[in-house]
Amino acid sequence: MNNWISSSQLRQLFFALFREIIREPGVLFWGILFPILMALGLGIAFARKPDVTRKIAIISTEEKAINEKGDSVITEFLEKSCEINSSEKSGEWKWRFTIEDDKLGNSVFLFYEMKWDDAMILLKRGTLNVLLMGAYGKAEYHFDPMNSDAELTYLKLSNIIGEGKILEVKSNTEIRPLTITGTRYIDFLVPGLISLGVMMSCMWGISYGIIEKRSKKLLRRMIATPMKKSHFLIALISVRIIMNFIESLVLFLFVLFAFDMTIQGDITALILIFIAGNIAFSGIAVFVSSHTSNTEVGNGLINFVVTPMMVLSGIFFSYQNFPEWSLPVIKNMPLTMLADGIRSIFNEGAGYNQVAFPILILILIGGVFFFAGLKIFKWH
């Protein structure tokens, strides 16, 4: 009899708790539907495509005598083997060559003609990874030997330039490893990690902290005090910005001594865009956490914000790998603007004029979301 009662109680408790979960639409959406949508989106983005596009810069030079002699191998390949782009729009590829492979997929090489300084900026941004230059009858390949994708691009190019004659190609080929500051992967990665740290710290430190306090009825007790909502939120944001500054400074000091990394641009501009990024994500965090008291729903809302940007915004790899149609959307994401701005100051020597626009946009985003969240904010 006691066993039957215990079994019945267990069954009733099970169904009661199960109904409690399924009656909460937010839990079902964030726990079941949202992961499916994320898997679908990322699956489309990272599925193996029939064509892998690799972008290469052909360095133009004003030294005509050397250029005519040095570019003979390259020029012959471009004129005889490549498709020429009839469009004269700036920024578009000038030559295209395709290696067809039914098993591994096609490799499409897009060649852009540009000056050395312009090519170096695109190299630091991850838009391209190999610079090709003709000099004294040889094809010079400039790339970071630690970049596996750049090395693969070189190996494929060295077998097609010169009509595939490997011995001839090797005799007309010279590798020039790039050791210029800002071209290493660590130079690309660290600004992204700083930006990612700002977003994650604000979203989890502010959003989840507020939701958790609300779920534990701690915010309800503050209603009895003369404290304003705006004062509470501004104080919370200020503490988080100081913590983010300390964490980012520690990371920078580590890479400074471990990898000899430097800041090439304006430090004042770096501080301004760092603060602007904190304002943007703090405002978003307040808006996300302004209403719900369910930690599971809050967890889903936070992941809804941070996961797409963490994947798409070029933190660990260049977002140029995504389809062309998606790039305008990706570039306008807050995390992308913050990462690109910090990266340009670190590696490209950018100053306030180059990052003024993203600073204004980030502050505007933060302000709009903060005041919207403040308006609908509830203590319980």
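Computed values, structure above
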read-out: Pair Ile160, Thr268: separation of 7 Å Cα→Cβ label points (nm); value: 4.8
read-out: Residues Met120, Met146, sorted so that the one with the fewest Cβ neighbours within 10 Å comes first; value: Met146, Met120
read-out: Over 28 Å between alpha carbons, listed pairs Lys124/Lys331; Lys115/Lys138; Lys80/Lys156; Lys216/Lys331; Lys80/Lys331; value: Lys216/Lys331; Lys80/Lys331
read-out: Calculated FRET value between Trp116 and Ile361, using beta carbons and R₀ = 30 Å, to 0.05; value: 0.45
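Every number here is computed from the coordinates shown, using simple stated rules; none is lab data. Not measured: the values here are computed from a predicted model. As a convention, Cβ positions derive from the backbone with ideal geometry for all residues, glycine included, and neighbour counts pool all protein chains shown.
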